[in-house]
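A.B. asks: Got a structure for you, questions after.
The values are calculated or read from the model by the stated rules, or taken from the named source; none is laboratory data. Nothing here was measured: the structure is a model prediction, and the numbers come from that model. Every residue, glycine among them, receives a Cβ derived from its backbone with ideal geometry; neighbour counts consider all protein chains shown.
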Amino acid sequence: MATSEDDSETDLPARLGKLSTSGVSDALDRLGIPGQALGIAPLDRSFRVVGRAWTLRYGPVGQDRGTVGDYIDDLGPGDVVVLDNQGRLDATVWGDILTTVAHRRAVAGTVIDGVCRDVDRSLQLGYPVFARGNCMRTGKDRVRVEATQVPVSIGGIRVEPGDLLLGDGDGLVVIPAVRAGEVLAVAEGIEQAEETILAAVEAGTPLREARSATGYHDLQHRVAGDER
């Protein structure tokens, strides 16, 4: 597939930021790409996150003491902290100190397959956190850092360093970096079609007619030639 100027590495996050997780989810379905991170939700429905993944994988503590990591100083603008804590709900891996430092460093947001704590600081600063929930119980001496910048699992979806993430009030989607331009092009087409439908029905066109004119029911449907 040819690469255009619109598919440049710097342009993709900006394009993604104009889309919704619903539109991207439909595009992922059409292209046969698993990318919907189920069970991962924003602490506040107004939160949005868009950027490239910086990953960390946790594991259970053994006979040695646990480690939660001092990695945050290595991140910067446009990075999304992606923490795989294996979906644990009994030990947090993110709190107010990390939120404060990440916000000061203009990190785009944090995604956790697990829970966070100190929610009030995130809400006060407007710093986006997406997780399975929140709990006050610390992860110190309960988890340990296994690896950074490696493939991880978030909501059952594989996330590799540099993959694109988009989160909004409906949840979180992951776009593999190697197919980002393709996914965005399809998602943009889908959202444009839906905007056309909305404009038509607001002008008085029957919904059935408006949907038929745009091929609505096939927008997310996989067709021959889309499989890989």
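A.B. asks: Within the range 99-122, work out how many residues are among the polar types (S, T, N, Q) and out of contact with any strand residue (DSSP E or B) (no Cβ under 6 Å at 6 or more places or on another chain).
C.D. replies: 2
A.B. asks: Something else now. Considering only the range 175-212, how many residues are modelled with pLDDT of 75 or more and either small (Gly, Ala, Ser) or not in a helix (DSSP H, G or I) (or both)?
C.D. replies: 16
Each row is one residue, and each column tells you yes or no for (1) under 20 Å from the mean Cα position of the chain (by Cα); (2) assigned to a strand (DSSP E or B); (3) closer than 22 Å to Asp163 by Cα.
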{"residue": "Ala102", "(1), (2), (3)": "yes, no, yes"}
{"residue": "Val107", "(1), (2), (3)": "yes, no, yes"}
{"residue": "Ile112", "(1), (2), (3)": "yes, yes, yes"}
{"residue": "Asp120", "(1), (2), (3)": "no, no, no"}
{"residue": "Tyr127", "(1), (2), (3)": "yes, no, yes"}
{"residue": "Met136", "(1), (2), (3)": "no, no, no"}
{"residue": "Lys140", "(1), (2), (3)": "no, no, no"}
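A.B. asks: Could you please let me know if Asp113 is out of contact with any Phe, Trp or Tyr (no Cβ under 8 Å at 6 or more places or on another chain), in the same structural domain as Gly155 (by TED's automatic domain parsing), buried (at least 24 other Cβ atoms within 10 Å of the Cβ) and of a type in the set (D, E, K, R)?
C.D. replies: Spelling it out, Asp113 is indeed out of contact with any Phe, Trp or Tyr (no Cβ under 8 Å at 6 or more places or on another chain), in the same structural domain as Gly155 (by TED's automatic domain parsing), buried (at least 24 other Cβ atoms within 10 Å of the Cβ) and of a type in the set (D, E, K, R).
A.B. asks: If you don't mind, there's one more thing I want to ask. Kindly indicate which of Gly59, Gly78, Gly66 is farther than 11 Å from Tyr127 by Cβ, surrounded by fewer than 16 Cβ atoms within 10 Å (Cβ to Cβ) and more than 21 Å from the chain's Cα centre (by Cα).
C.D. replies: Only one candidate qualifies: Gly59.
A.B. asks: Scanning for something touching an Asp or Glu at 6+ places or on another chain (Cβ under 9 Å), not hydrophobic (A, V, I, L, M, F, W, C) and not assigned by TED's automatic domain parsing to the domain that holds Arg105, does the range 128-137 turn up at least one residue?
C.D. replies: No, the range 128-137 has no match at all.
A.B. asks: Kindly indicate whether Pro151 is surrounded by fewer than 17 Cβ atoms within 10 Å (Cβ to Cβ) and within 19 Å of the chain's Cα centre (by Cα).
C.D. replies: yes
A.B. asks: With respect to the numbered conditions (1) surrounded by fewer than 20 Cβ atoms within 10 Å (Cβ to Cβ); (2) part of a helix (DSSP H, G or I); (3) touching a residue at least 24 places away in the same chain (Cβ under 8 Å), which one is the sole condition not fulfilled by Gln86?
C.D. replies: (2)
A.B. asks: Shifting gears a bit: Quick check on the range 7-55: of everything there that is β-branched (Val, Ile, Thr) and not in a helix (DSSP H, G or I), which residue is farthest from the chain's Cα centre (by Cα)?
C.D. replies: Result: Thr10.
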